[in-house]
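A short worksheet on the structure shown next.
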Amino acid sequence: MKRVLFCLLLPIVLLLARDLSVLSLNSEAEQLYGRSRRSLIGRDYFEALDPEQRSGLARADFRDVLAGKPVRGYEGRVQRPDGRGRVLLWNATSLRDAKGNALGIIAVAQDITERQKAEEGLREREARLSSIIDTAPDAIITIDERGIVQSFSVAAERLFGYEAGEVIGQNVKMLMSSPHKEQH
């Protein structure tokens, strides 16, 4: 039996009034900003927090939200009080009454810092692997579990007489002669 470990990261949630004063925030927002609810509620969001704590969202962004243009997938950086930088993915929409009048804004952010670090690590490893494949003197071909060519080195191009673009995405049997091609 496999064990799966995971970490559930709760979102940062802010509720702002039409005048952009803070109506409510959750404990994750308190931790992010290093401020208590009491010190933020009732204060203008942009005056209560330093610019590096606001994750790049501007007054104009929130005015657009109130006008009916939600923020979707906005990536911004924020500096925690302990000096650690975090990357947040924001979504914000207006809260409206039954007549459609904007009452305020709900803004929700997910901390994607660790995901970005992992993605950057994968890009770096992929770049190193590509460099190795491209400079290796021997032909190197990688395939997936179905036999589809995923990479084709420069040495493989010289050996087989195909350019990588002609082979990648094709089944590796295209490079085989009979009877191996039929048996593959």
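The values are calculated or read from the model by the stated rules, or taken from the named source; none is laboratory data. Since this is a predicted model, take the numbers as computed values, not measurements. A quick note on method: Cβ atoms are made from the backbone with ideal geometry, for glycine too, and the neighbour counts reach across all protein chains shown. The protein model used for the area step is the full one, side chains on, heavy atoms only, and it has no ligands, DNA or RNA in it. Shrake-Rupley method; radii C 1.70, N 1.55, O 1.52, S 1.80 Å.
Could you pull out every one of the helices (runs of 4 or more DSSP H) wholly within region 87-182 that has 3 or more residues that are open to solvent by 90 Å² or more (accessible area, probe 1.4 Å) and free of Cβ contacts under 8 Å to residues at least 60 places away in the same chain? Spell out how you get there, then give the answer.
Working: elements: 113-135, 154-160, 164-167.
Of the helices (runs of 4 or more DSSP H) lying wholly inside region 87-182, those with at least 3 residues that are open to solvent by 90 Å² or more (accessible area, probe 1.4 Å) and free of Cβ contacts under 8 Å to residues at least 60 places away in the same chain span 113-135.
Residues that are over 21 Å from Leu103 (Cβ atoms), in a loop (DSSP other than H, G, I, E, B) and not hydrophobic (A, V, I, L, M, F, W, C) within region 49-86 comprise Asp50, Arg54, Ser55, Gly56, Arg80, Pro81, Asp82, Gly83, Arg84, listed in sequence order.
When the criteria are applied in full, Leu32 fails the requirement of being surrounded by 13 or more Cβ atoms within 10 Å (Cβ to Cβ), in contact with a strand residue (DSSP E or B) (Cβ under 9 Å, 6 or more places away or on another chain) and either modelled with pLDDT of 90 or more or not hydrophobic (A, V, I, L, M, F, W, C) (or both).
Restricting to region 65-86, and then to whatever is open to solvent by 80 Å² or more (accessible area, probe 1.4 Å) and more than 15 Å from the chain's Cα centre (by Cα), can you tell me which residue is modelled with the lowest pLDDT?
Looking at the filtered set, the residue picked out is Pro81.
Among Ala92, Ala67, Ala58, which is the only one that is over 12 Å from Val108 (Cβ atoms) and touching a strand residue (DSSP E or B) at 6+ places or on another chain (Cβ under 9 Å)? Going through Ala92, Ala67, Ala58 in turn, just one is over 12 Å from Val108 (Cβ atoms) and touching a strand residue (DSSP E or B) at 6+ places or on another chain (Cβ under 9 Å): Ala67. For Tyr162, indicate whether it is under 27 Å from Glu28 (Cβ atoms), out of contact with any Cys (no Cβ under 8 Å at 6 or more places or on another chain) and of a type in the set (Phe, Trp, Tyr). Answer is no for this residue.
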